[in-house]
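What follows is one structure encoded as structure tokens, with my remarks underneath.
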Amino acid sequence: MTPQTTGLQAPPHALARSRELTEPALRAAIGRLHPLPRRMAAFSLGWCEADGTPSTSPGGKGVRQALAVLAAEAVGAPGATAVPAAVAVELLHTFSLVHDDIMDGDERRRHRDSVWKAFGTGPAVLTGDALFALAVQVLAGSGSEHTGAAVRKLAGTLGDLVHGQADDLLFETRPWTGPDAVTLGEYEAMAARKTGALLGAATALGPVLAGAPPRLVDALSEAGLHLGLAFQAVDDLLGIWGDPLTTGKPVHSDLRRRKKTLPVLAAMVLDPAAARRLELLLGSDAPPGAAEAGRAAAVVEDAGGRTFTLEEARRHATAARAALSGVPLAEPAAAELVALSEYLLDRQV
């Protein structure tokens, strides 16, 4: 996808500006944790190495922080209004990554050991719990008269995350073909809860704290939901065809873990012969080796799974833009939201 950002500030500017605004509050929040989860949280955010020394590794982009700040500005509020929301969303996101890596057995995250691999499973579970509790505390202490509504939104988001993750885990136990196979509709519902809900919260919580009208909050939440679905589709592409230097994970990593992702499920629906071949390659008890994963990737691509997934990403990105254009939002923040969403989806696929 080619970003249409002519005349707009470069999206990295929005990321840097939002990070500069929110990082002091994020660091202050992390500093309130017990020393053990504090160091592990700092490690997960890319601030330090496992031994506590300052890190030179890049952390996350701060996407959700930027969405929260820009969404608040888009409803006419100062970006600072959204700082508690931005911090809470970043903490919730980090919590979800820490726990997801444990459940998925992922040993690498952002080109280095995942938290559980570096510190152990028990301490990592504890750190994830601490991050979620801290997210609620930060939002509850925002001082806004609309704090109650924001906390309810955050709690609903957590419920969606848990629901989506539970579905994702159950998908692993279901057959590849037959009446009990995972459908495309079931997969999208899972992704909407696991990924879409969090980005929907990122674009809604700042406006909620600012007391924005429900119509604007709903439109921004819908835009975030669609952006999350587009983002997940691109992640699914990267999980098969992404450059390990970019993803920090081995090539064909999702196939080697036999994950039922959108490109694979789409290929099986589009081409019954491909479905049979993929079941043979991915359906055994032993994980596929490099050669088998490479053959599976070729089958998925030849059957149209890669093209289908890219088209889904574009469709949801278009829906996100439509939600933003359907309500009166303040400039330049509204344009920066569009530019940032397109920039994030223009990854190596």
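Read-outs: derived from the displayed coordinates by stated rules, not from any lab. Not measured: the values here are computed from a predicted model. Here the Cβ positions follow ideal geometry from the backbone for every residue, glycine too, while neighbour counts run over all protein chains shown.
Observations, loosely collected:
- Most tightly packed first, judged by the mean number of other beta-carbon atoms within 10 Å of their residues, the peptides 205-215, 82-92, 235-245 read 82-92, 205-215, 235-245.
- Cβ crowding within 10 Å ranks 147, 94 as 147, 94, fewest other Cβ atoms first.
- Residues residue 50 and residue 180, FRET efficiency given R0 of 25 Å [Cβ-Cβ distance, rounded to 0.05]: 0.05
- Among 198, 33, 220: highest mean-square fluctuation, GNM of the chain, C-alpha pairs under 10 Å: 33
- Between 34, 99, 163, the residue with the greatest mean-square fluctuation in the GNM of the chain (Cα pairs under 10 Å linked by springs) is 34.
- When the charge dipole of the chain is built from unit charges on Cβ atoms (+1 for Lys and Arg, -1 for Asp and Glu) and taken about the Cα centre, the candidate among 105, 147, 241 whose Cα reaches farthest toward its positive end is 147.
- Euclidean distance between Cα centres, the range 300-338 to the range 13-42, Å: 29
- Positive minus negative residues near residue 289 (Lys, Arg vs Asp, Glu; Cβ under 13 Å): +3
- Between the residues 120, 40, 14, the greatest Cα displacement towards the positive end of the dipole of the range 1-150, with unit charges on the Cβ of Lys, Arg, Asp and Glu, is found for 14.
- A simple charge model with +1 on the Cβ of Lys and Arg, -1 on the Cβ of Asp and Glu and nothing else charged puts the dipole of the range 69-167 at about 180 debye relative to its Cα centre.
- The chain - Kirkwood radius from inverse mean 1/r over Cα pairs (Å): 20.6
- Placed amide H near residue 48: partners under 5 Å, 5+ positions off or other chain: 43, 55
- Placing +1 on the Cβ of every Lys and Arg and -1 on the Cβ of every Asp and Glu, with no other charges, gives the chain a dipole of roughly 460 debye about its Cα centre.
- Semi-axis lengths, largest first, of the ellipsoid equivalent to the range 84-149 are 28, 11, 8 Å, with √(5λ) applied to each eigenvalue of the Cα gyration tensor.
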